[in-house]
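K.L.:
Once you've had a glance at the structure underneath, I'll fire off some questions.
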Amino acid sequence: GSVNIIDQCAFKNCTALVSAEFNDGLESIKEDAFINTGLKKVVLPDTVKDIGANAFRDCQDLTEAVIPVSYEFLGTNAFSRNVDIIFTQAEGYAVYGGAGFSDDMTVLIKAPFMAEGTYIVPDTVTEIAGCAFESTMVSTVILPEGLEKIGTNAFFGDIDLVTVDIPESVTEIGENAF
């Protein structure tokens, strides 16, 4: 059989572990699973839905992580700030400019991971999904005219956010959006 879950602390402090292959069918990596290992690169299959808190934190040699844009939960500090996160394409999704969108580019599902400074939302976007800006450090977001909906928790927890001009076209702002 294949591994569906990698449990909490499964490889914690295994500093000699420099590579790992993750099988299709893997759905969950629990908190602290690979904290403080020697991993250099992580490539997760499209089947991964949740990555727990601190799952890959403090991996000093980890510089790149390829994760599915279709993931559903990413825990706090799942990756250290110096890790370059790259989203992979998944059915029903589009990846553009490091961000994840619905395949028709009308819904911004996930902003570029660890985005900083100013982020310009493409003109095609009519909705910003819930939690779209989790794990970002953007200070300014430029929203397009034609945006209609800002989802629940869309910007929640982005403590660096200073400026957002909400266009008149917005008719719905979800709970804890900011």
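The values are calculated or read from the model by the stated rules, or taken from the named source; none is laboratory data. Computed from a predicted model, the values in this text were never measured in an experiment. Here the Cβ positions follow ideal geometry from the backbone for every residue, glycine too, while neighbour counts run over all protein chains shown. What goes into the accessible areas is simple: the full protein's heavy atoms, side chains included, and nothing from ligands, DNA or RNA. Shrake-Rupley method; radii C 1.70, N 1.55, O 1.52, S 1.80 Å.
K.L.:
Does any residue of the range 14-36 turn out to be in contact with an Asp or Glu (Cβ under 6 Å, 6 or more places away or on another chain), over 17 Å from N77 (Cβ atoms) and assigned to a loop (DSSP other than H, G, I, E, B)?
P.N.:
No, the range 14-36 contains no residue that is in contact with an Asp or Glu (Cβ under 6 Å, 6 or more places away or on another chain), over 17 Å from N77 (Cβ atoms) and assigned to a loop (DSSP other than H, G, I, E, B).
K.L.:
On the given criteria, is G157 modelled with pLDDT of 90 or more, open to solvent by 20 Å² or more (accessible area, probe 1.4 Å) and of a type in the set (G, A, S)?
P.N.:
On the way: modelled with pLDDT of 90 or more: no; open to solvent by 20 Å² or more (accessible area, probe 1.4 Å): yes; of a type in the set (G, A, S): yes.
Criteria not met by G157.
K.L.:
Which condition does Y93 not pass, out of (1) under 13 Å from the mean Cα position of the chain (by Cα); (2) crowded, with 19+ Cβ neighbours inside 10 Å, if it passes all the others?
P.N.:
(1)
K.L.:
What are the residues in the range 120-138 that are modelled with pLDDT under 95 and either assigned to a strand (DSSP E or B) or over 17 Å from the mean Cα position of the chain (by Cα) (or both), if any?
P.N.:
Matches in the range 120-138: M137, V138.
K.L.:
Name the single residue, out of those in the range 104-150 being in contact (Cβ under 8 Å) with a residue 24 or more places away in the chain and of a type in the set (S, T, N, Q), that is most open to solvent (accessible area, probe 1.4 Å).
P.N.:
Narrowing the range 104-150 to residues in contact (Cβ under 8 Å) with a residue 24 or more places away in the chain: 108-114, 116, 118, 121-122, 125, 127-136, 138-140, 142-143, 145, 147-150.
Checking the rest, the ones that are also of a type in the set (S, T, N, Q) come to 118, 135-136, 139-140.
Working: T118: 84, S135: 43, T136: 9, S139: 39, T140: 34 Å².
Of everything passing the filter in the range 104-150, T118 is most open to solvent (accessible area, probe 1.4 Å).
K.L.:
Search the range 51-69 for residues that are over 10 Å from V83 (Cα atoms) and touching a residue at least 24 places away in the same chain (Cβ under 8 Å) and pair each with any residue that is among the basic types (K, R) and in a loop (DSSP other than H, G, I, E, B) when their beta-carbon atoms are under 8 Å apart and the residues are at least 6 apart or on different chains.
P.N.:
Final answer for the pair search is G52/K30; A55/K30.
K.L.:
Return the residues of the range 161-172 that are out of contact with any Ser or Thr (no Cβ under 9 Å at 6 or more places or on another chain) and among the aliphatic types (A, V, I, L, M); say none if nothing qualifies.
P.N.:
Answer for the range 161-172, where residues must be out of contact with any Ser or Thr (no Cβ under 9 Å at 6 or more places or on another chain) and among the aliphatic types (A, V, I, L, M): I166, V170.
K.L.:
A follow-up question, please. Tally the residues that are assigned to a loop (DSSP other than H, G, I, E, B) and either buried (at least 16 other Cβ atoms within 10 Å of the Cβ) or of a type in the set (D, E) (or both), restricting the search to the range 39-55.
P.N.:
At the first step, the residues of the range 39-55 found to be assigned to a loop (DSSP other than H, G, I, E, B) are 39-40, 44-49, 52-55.
Those left that are additionally either buried (at least 16 other Cβ atoms within 10 Å of the Cβ) or of a type in the set (D, E) (or both): 39, 44-48, 52-55.
So the answer is 10.
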